[in-house]
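Taking it in order: structure first as structure tokens, then the write-up.
The values are calculated or read from the model by the stated rules, or taken from the named source; none is laboratory data. Just so you know, these numbers come straight off a predicted model, no measurement behind them. Backbone-built Cβ (ideal geometry, glycine too); neighbour counts: all protein chains shown. Just the protein is used for accessible areas: all its heavy atoms, side chains included, with ligands, DNA and RNA removed. Shrake-Rupley method; radii C 1.70, N 1.55, O 1.52, S 1.80 Å.
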Amino acid sequence: MNRRLYFVLPDVDVARKVEDDLLLAKIGEEQMHFLVKRGTDLRDLPEAASQKTDLWHGIKVGLVSGALTGVLIGLILYLGRDFIRMNIEPGLMLILFLVGAVFSVWVSGLLIGTSTPNIYLKDFNYDLKSGHILLMVDVPKDRVDEIRQLILSHHPDTEDHGIDPTKPAFP
């Protein structure tokens, strides 16, 4: 299992040196994600792509809201079945729960989540606007201390922003 580490680097030259150190430590480019303000040339550094958007947060919100909406509609139909003169079975609530959940995951996750900025990265807005570079690197759990020490000892002008507290980064 991997953990995501966050570092703020002062400029592209330092970022290139950090990338070289990580490659020598057998951390692949696919595990490094560099994020900069729009218009900054990263040269050949691996740019953060999927990390910029909030897909997973959108999917979670959509799942919960859609499932609750589906259950609520099913419950209203079931309780009001005499008023609307329909034969509503309790199993319809389960179907509406699933349909609501799937539809909302699609709408909020894939349509909205892919177009909104990642809420976990909002703490880095000031650093990015100041021209700094955010490095997100996914490392094996047992190498977290080694990689942190490697980066900080070779690049003292790098700021350590810790480990992602909310979720592990899966390979």
Worksheet entry | Matching residues in the stretch 146-160 - criterion: being open to solvent by less than 20 Å² (accessible area, probe 1.4 Å) and in a helix (DSSP H, G or I) | Ile147, Ile151
Worksheet item: In the stretch 20-30, is there at least one residue being on the phi > 0 side of the Ramachandran plot, open to solvent by 40 Å² or more (accessible area, probe 1.4 Å) and modelled with pLDDT of 85 or more?
Response: yes
Worksheet, complete the sentence: Only one of (1) over 16 Å from the mean Cα position of the chain (by Cα); (2) surrounded by fewer than 18 Cβ atoms within 10 Å (Cβ to Cβ); (3) at pLDDT 85 or above does not apply to Val64, and that is (3)
Item to complete: Return the pairs, sorted by first residue and then second, in which the second residue is part of a helix (DSSP H, G or I), the first residue lies in the stretch 1-29 and is of a type in the set (S, T, N, Q), the beta carbons are less than 9 Å apart, and the residues are 6+ apart or on different chains.
Response: Asn2/Gln31; Asn2/Lys141
Worksheet, complete the sentence: Checked the stretch 105-145 for anything modelled with pLDDT under 75 and surrounded by 20 or more Cβ atoms within 10 Å (Cβ to Cβ); matches are Val105, Ser108, Gly109, Gly113
